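K.L.:
First, the structure itself, so that you have it in front of you.
The values are calculated or read from the model by the stated rules, or taken from the named source; none is laboratory data. Quick caveat: nothing in here was measured; it's all calculated off a predicted structure. Here the Cβ positions follow ideal geometry from the backbone for every residue, glycine too, while neighbour counts run over all protein chains shown. These accessible areas exclude ligands, DNA and RNA; they are computed on the full protein's heavy atoms, side chains included. Shrake-Rupley method; radii C 1.70, N 1.55, O 1.52, S 1.80 Å.
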Amino acid sequence: MTGHDGKRPARRGRAEAKNDAGSGSGSANSSRATLLWFRQDLRLEDNRALHAAADTSLPVVFLFVLDDGAAGDWKAGGAGRWWLHGSLSSLAASLEARGARLILRRGDATAIVPALAAEIGAGEVHCGLPHEPWMRKLDEQVAAALEKAGRRLVAHRVATTMDLDAVWSKSGTRFGVYSPFARACRAAGAPDAPLSPPRTLACPGPQPSSDALDNWNLLPTRPDWAGGLRNSWQPGEAGAQARLKRFLDGHLDGYGASRDAPGEADGTSMLSPHLHWGELSPNQVWHAAHDSIGGSAGRRAGFETFESELLWHDFSAYVLRHNPALPDRPVRGAFERMEWRRDPAALQAWQQGRTGVPIVDAGMRQLWRIGWMQNRARMITASFLVKHLLLPWQEGERWFWDTLVDADLATNSVSWQWIAGSGIDSQPFFRVFNPVTQSRRYDRNGTYIRRWVPELRELPDRWLHAPWEAPEGVLTEAGITLGQDYPRPLVDLSEGRNRALAAFRRIAGPDKRTTENREQADTDTGTGAARSGKTGRRADDAPAAATGRPGRGKAASPSRSKGSSPSGRRAAAGS
């Protein structure tokens, strides 16, 4: 595999400092300090920006800026803000243990960062290299402001295993399909070995002023809806390392199968929020997993599947970096004409886990309770919204963005458009997951449904996945009256599928005949979209849905960050 310049795609970051955001004439020789600007790299280990700052031998000031204005619609949702509070608290404690302090500022980063650099006499500001369009624009503005004062912004790769600008096809074009991208990445060799934290951190004597983290009001209070999150997660670098160890100690062997079983505890790594917030680097995860293989064939097979998920994480960042409109508009122009339905009641039922389809409701209730949803369940719930309910994928994204602790713009955008059939390397729209078939296959004993939809726990396995098919006597014995104890399905599955396919035919154009020939094979069973031979296309535990949110302020859906719950009563977080 050769890169665009005739070289192999670059994993390695020897010259990792990448002034992609711009650089000034530089006054580093006369600098009194260096500024490290944390964003989504909230760790000390394997942090190239941190090492670069420390290598200057100048005192380092550590900064985090909460700039909701620059993020706009993509500021962290309610669950994300809960996580951010814990992660910043953990990072501050780690820095304090090394004699340093985390400076917190809230507001316009284009003013805050240059002003603080001037205050401490920093010639360079080091930060992680982002792939989010809004953050790249912010970096350009900050770099320009610094340059005017003879300073520079230096960005470093901290969130991917690859230099995404160095990955090209053999023909010199960008990849639009995952598999050849993954092959190119593997051909580049192992990711760089992780960097240990600097042994010492030189800090200036008088420290700049800082906000108090509690004053940012990132945590919910009235009511406190985060109990399930607290019981499930430990934000921060130590929590990330513990989660990784737990996964590798007991669950890498057999990962290829367990990641598709919603009811299997720890079947997936659950590392996605730690990767999103940068409490672990993908290089750390790759090397830890690879080093744990030993002589086990099962662990090697599990590693190969797991590696594919890490590469999907890189691919998502790659696609977003080179397609900045991805979060807002479908890649395939025909989907601009898609005749989506508008049904606030159906949308709310989906959000609340009250669709009447048990596997869908189990997934949505898990999401609400712990801020995360199992891999297979994400695909099923997203497909049900887009295909059976024929509601816009943007509506599902709004909810996922607000309620997922791991909501990541790149992975979310690519994955949501994948399930909708509108994006890059997407499953065809006419592949409609049959949720009952999926449920019977992947939650055969009903463990997942019984945990999250307890009102159905007494139903025999035979009827659990489709209670509307159960005889009245069976329902009575289980203490269930459909429409009272548990809702009837929002839509007949066959009718919903046919309605979706009819809508797709109206935009399919010249591919209409091919579409019709393949519908029967791909829709009735719901098996075609799993893509397990590639990776399942969900970056292990990463969100199965998220992308453009036109008109968030007009959304009728309840929102954690707006103070709502499935019953419309959950308090604001960070507002």
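K.L.:
Report yes if some residue within the stretch 388-411 is touching a residue at least 12 places away in the same chain (Cβ under 8 Å), more than 22 Å from the chain's Cα centre (by Cα), surrounded by 23 or more Cβ atoms within 10 Å (Cβ to Cβ) and within 23 Å of residue 335 (Cα to Cα); otherwise report no. Write out each step before concluding.
P.N.:
Within the stretch 388-411, the subset touching a residue at least 12 places away in the same chain (Cβ under 8 Å) is 388-411.
Now restrict to residues that are more than 22 Å from the chain's Cα centre (by Cα): 388-390.
Then drop every residue that is not surrounded by 23 or more Cβ atoms within 10 Å (Cβ to Cβ), which leaves 388-389.
Subsequent filtering for residues that are within 23 Å of residue 335 (Cα to Cα) retains 388-389.
Yes - at least one qualifying residue is present in the stretch 388-411.
Conditions tested, residue by residue: (1) in a loop (DSSP other than H, G, I, E, B); (2) open to solvent by 10 Å² or more (accessible area, probe 1.4 Å); (3) in contact with a Ser or Thr (Cβ under 6 Å, 6 or more places away or on another chain); (4) in the same structural domain as residue 272 (by TED's automatic domain parsing).
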{"position": "312", "(1), (2), (3), (4)": "no, no, yes, yes"}
{"position": "355", "(1), (2), (3), (4)": "yes, no, no, no"}
{"position": "362", "(1), (2), (3), (4)": "no, no, no, no"}
{"position": "378", "(1), (2), (3), (4)": "no, no, no, no"}
{"position": "383", "(1), (2), (3), (4)": "no, no, no, no"}
{"position": "386", "(1), (2), (3), (4)": "no, no, no, no"}
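K.L.:
Still on this structure: Quick one: in the stretch 271-298, which of the residues that are open to solvent by 10 Å² or more (accessible area, probe 1.4 Å) and in a loop (DSSP other than H, G, I, E, B) is nearest to residue 49 (Cα to Cα)?
P.N.:
If we filter the stretch 271-298 for residues that are open to solvent by 10 Å² or more (accessible area, probe 1.4 Å), which is where we start, we get 272, 275-277, 284, 286-288, 290-292, 294-298.
Cutting the leftovers down to in a loop (DSSP other than H, G, I, E, B) gives us 277, 292, 294-296.
Numbers: 277: 15, 292: 28, 294: 32, 295: 36, 296: 36 Å.
Residue satisfying both the conditions and the ranking: 277.
Yes/no matrix, rows are residues, columns are (1) at pLDDT 95 or above; (2) open to solvent by less than 60 Å² (accessible area, probe 1.4 Å); (3) closer than 22 Å to residue 371 by Cβ:
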site: 214; (1), (2), (3): yes, no, yes
site: 226; (1), (2), (3): yes, yes, yes
site: 229; (1), (2), (3): yes, yes, yes
site: 234; (1), (2), (3): yes, no, yes
site: 242; (1), (2), (3): yes, yes, yes
site: 249; (1), (2), (3): no, no, no
site: 252; (1), (2), (3): no, yes, no
site: 256; (1), (2), (3): no, yes, no
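K.L.:
List every residue pair whose Cβ atoms lie under 9 Å apart, where the two residues are 6 or more positions apart in sequence or sit on different chains, the first residue falls within the stretch 456-481 and is open to solvent by less than 70 Å² (accessible area, probe 1.4 Å), and the second residue, located anywhere, is hydroxyl-bearing (Ser, Thr, Tyr).
P.N.:
Listed by first residue and then by second, the contacts come to 456/486; 464/439; 465/437; 465/439; 466/439; 467/486; 475/481; 480/486.
K.L.:
Same structure, new question: Report every pair of residues separated by at least 6 positions or lying on different chains whose Cβ atoms are under 7 Å apart, first residue within the stretch 183-208 and over 29 Å from residue 94 (Cα atoms), second in a helix (DSSP H, G or I) and open to solvent by less than 30 Å² (accessible area, probe 1.4 Å).
P.N.:
Hits for this filter: 185/311; 185/314.
K.L.:
Okay, next question. Would you confirm whether or not the stretch 353-367 contains a residue that is hydroxyl-bearing (Ser, Thr, Tyr), more than 29 Å from residue 275 (Cβ to Cβ) and modelled with pLDDT of 95 or more? Break it down into steps so the answer makes sense when it comes.
P.N.:
So the first thing to find is which residues in the stretch 353-367 are hydroxyl-bearing (Ser, Thr, Tyr), and the list is 355.
So of that shortlist, the ones also more than 29 Å from residue 275 (Cβ to Cβ) come out as 355.
Applying the additional criterion that residues be modelled with pLDDT of 95 or more yields 355.
The answer is yes; a qualifying residue exists.
K.L.:
Something else: Kindly evaluate residue 37 against the criterion of being in contact (Cβ under 8 Å) with a residue 12 or more places away in the chain, under 24 Å from residue 317 (Cβ atoms) and open to solvent by less than 10 Å² (accessible area, probe 1.4 Å).
P.N.:
Values: in contact (Cβ under 8 Å) with a residue 12 or more places away in the chain: yes; under 24 Å from residue 317 (Cβ atoms): yes; open to solvent by less than 10 Å² (accessible area, probe 1.4 Å): yes.
It is true that residue 37 is in contact (Cβ under 8 Å) with a residue 12 or more places away in the chain, under 24 Å from residue 317 (Cβ atoms) and open to solvent by less than 10 Å² (accessible area, probe 1.4 Å).
K.L.:
Continuing with this model, one more query. Could you check residue 491 against (1) of a type outside the set (Ser, Thr, Tyr); (2) modelled with pLDDT under 95; (3) more than 28 Å from the chain's Cα centre (by Cα); (4) assigned to a loop (DSSP other than H, G, I, E, B) and say which number it fails?
P.N.:
(2)
K.L.:
Here is a further query. Residue 79: buried (at least 21 other Cβ atoms within 10 Å of the Cβ) and either touching a strand residue (DSSP E or B) at 6+ places or on another chain (Cβ under 9 Å) or under 26 Å from residue 191 (Cβ atoms) (or both), yes or no?
P.N.:
Values: buried (at least 21 other Cβ atoms within 10 Å of the Cβ): yes; either touching a strand residue (DSSP E or B) at 6+ places or on another chain (Cβ under 9 Å) or under 26 Å from residue 191 (Cβ atoms) (or both): no.
When the stated conditions are applied, residue 79 does not pass them.
K.L.:
Moving on. Is at least one residue of the stretch 87-105 under 18 Å from the mean Cα position of the chain (by Cα) and of a type outside the set (A, V, I, L, M)?
P.N.:
Applying the first criterion (under 18 Å from the mean Cα position of the chain (by Cα)) to the stretch 87-105 yields 87.
Now restrict to residues that are of a type outside the set (A, V, I, L, M): 87.
Yes, the conditions are met somewhere in the stretch 87-105.
K.L.:
Could you run through the stretch 183-209 and say how many residues are in contact with a His (Cβ under 6 Å, 6 or more places away or on another chain) and modelled with pLDDT under 95?
P.N.:
Qualifying residue count, the stretch 183-209: 0.
K.L.:
Let me ask something else. When the residues of the stretch 424-447 are filtered to those that are at pLDDT below 90 and open to solvent by less than 10 Å² (accessible area, probe 1.4 Å), which remaining residue is nearest to residue 263 (Cα to Cα)?
P.N.:
Here is the first cut: in the stretch 424-447, the ones at pLDDT below 90 are 424-431.
Checking the rest, the ones that are also open to solvent by less than 10 Å² (accessible area, probe 1.4 Å) come to 427, 429.
Values: 427: 25, 429: 27 Å.
The extreme case among them is 427.
K.L.:
What about residue 56, is it at pLDDT 95 or above, on the phi < 0 side of the Ramachandran plot and of a type outside the set (Gly, Ala, Ser)?
P.N.:
Numbers: at pLDDT 95 or above: no; on the phi < 0 side of the Ramachandran plot: yes; of a type outside the set (Gly, Ala, Ser): yes.
No: the conditions fail for residue 56.
K.L.:
For residue 205, are the conditions met, namely being at positive phi and surrounded by fewer than 18 Cβ atoms within 10 Å (Cβ to Cβ)? Give the derivation first.
P.N.:
On the way: at positive phi: no; surrounded by fewer than 18 Cβ atoms within 10 Å (Cβ to Cβ): yes.
For residue 205, the condition - at positive phi and surrounded by fewer than 18 Cβ atoms within 10 Å (Cβ to Cβ) - is not met.
K.L.:
Quick check on residue 399: is it closer than 24 Å to residue 80 by Cβ and either in contact with an Asp or Glu (Cβ under 6 Å, 6 or more places away or on another chain) or in a helix (DSSP H, G or I) (or both)? Before the answer, list the steps.
P.N.:
On the way: closer than 24 Å to residue 80 by Cβ: yes; either in contact with an Asp or Glu (Cβ under 6 Å, 6 or more places away or on another chain) or in a helix (DSSP H, G or I) (or both): yes.
So residue 399 passes the test.
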